[in-house]
Amino acid sequence: MSVVRTVRIGATGATFLDGDTHSELDSHADACVVGKHALIIADFDRPVNVTGFDNKISTLQAKTVSAVVAYDDPMTGETIILIIHQAIYIPSMENNLLCPLQMRLNDVKISEIPKFLTERPTDDTHAISVREMGTREPYLIPLALRGVTSVFPTRKPTAAEYENDSNRKFELTFEIPEWDPHSTQFAEQEAAFSDS
């Protein structure tokens, strides 16, 4: 019998602009969460209990999966495949929630400060920066604001797009070791860098 963890998520259920679906940064989510506009490529067989921002709202059991979303580069038209391992799958969700800490632990660089609040904004400002294995140049995904939430447009790719070797692929989160958002190691590591 497997142990069922409990994770918290916050879902806006909103879409991006003009009906496009999106992925958004959510620093309050314990793990990345994908919805109906993600292609599920693996099931970890590790169910979790999911609660929202209010414990009085009912809990539901969800799968832990590896999922894929597509980002269509507006400058080049290139389809970029983004792989999200150890994500919670909520089939009814319209959007995807990306846990910045889970991504950062996979060496994904995230700048969440909007350009208009930055003294000297660059291309790296308010963007996600990912690297392909063996390359030096990062690939930048610019972020937009929807209200106060940082978002970027994504869609569900076809299986053929995922399997097409000419489409570049980036892993936003790691497949192993097992993601445990309740681990005390994060607080301990942070405390080691802080003085009294």
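The values are calculated or read from the model by the stated rules, or taken from the named source; none is laboratory data. Owing to the predicted nature of the structure, the values given are computational and were not obtained by experimental measurement. Positions of Cβ are generated from backbone atoms using ideal geometry, with glycine treated the same way; all protein chains shown enter the neighbour counts.
Condition check for Glu175 on (1) in contact (Cβ under 8 Å) with a residue 12 or more places away in the chain; (2) out of contact with any Ser or Thr (no Cβ under 9 Å at 6 or more places or on another chain): one failure, at (2).
Scan region 135-151 and tell me whether some residue there is acidic (Asp, Glu) and at pLDDT 95 or above. No: region 135-151 contains no residue that is acidic (Asp, Glu) and at pLDDT 95 or above.
Here the condition is being touching a Gly at 6+ places or on another chain (Cβ under 8 Å) and acidic (Asp, Glu); of Glu94, Glu137, Glu78, Glu112, it holds for Glu94 alone. Restricting Thr135, Thr125 to residues that are of a type in the set (Val, Ile, Thr), surrounded by 13 or more Cβ atoms within 10 Å (Cβ to Cβ) and either within 22 Å of Lys36 (Cα to Cα) or without any contact (Cβ under 8 Å) to a residue 24 or more places away in the chain (or both) narrows the list to Thr125. In region 177-196, the qualifying residues are those that are of a type in the set (A, V, I, L, M, F, W, C) and surrounded by fewer than 15 Cβ atoms within 10 Å (Cβ to Cβ), and the one that is nearest to the chain's Cα centre (by Cα) is Phe186.
Evaluating Pro121 against the criteria (1) assigned to a loop (DSSP other than H, G, I, E, B); (2) within 18 Å of Asp20 (Cα to Cα) leaves one unmet condition, (2). Within region 103-127, the residues that satisfy the criterion of being β-branched (Val, Ile, Thr) and within 20 Å of the chain's Cα centre (by Cα) are Val108, Ile110, Ile113, Thr125. Restricting region 144-176 to residues that are touching a strand residue (DSSP E or B) at 6+ places or on another chain (Cβ under 8 Å) and part of a helix (DSSP H, G or I), which is surrounded by the most Cβ atoms within 10 Å (Cβ to Cβ)? It comes out as Tyr162.
Give the residues of region 86-114 that are more than 21 Å from Glu137 (Cβ to Cβ) and among the charged types (D, E, K, R), sorted by residue number. Correct list: Glu94, Glu112.
Residue count for region 16-29, restricted to those that are at pLDDT 90 or above and either under 19 Å from Asn106 (Cβ atoms) or out of contact with any Ser or Thr (no Cβ under 7 Å at 6 or more places or on another chain) (or both): 4. Checked against the criterion of being assigned to a helix (DSSP H, G or I) and out of contact with any Asp or Glu (no Cβ under 8 Å at 6 or more places or on another chain), region 131-143 has no qualifying residue.
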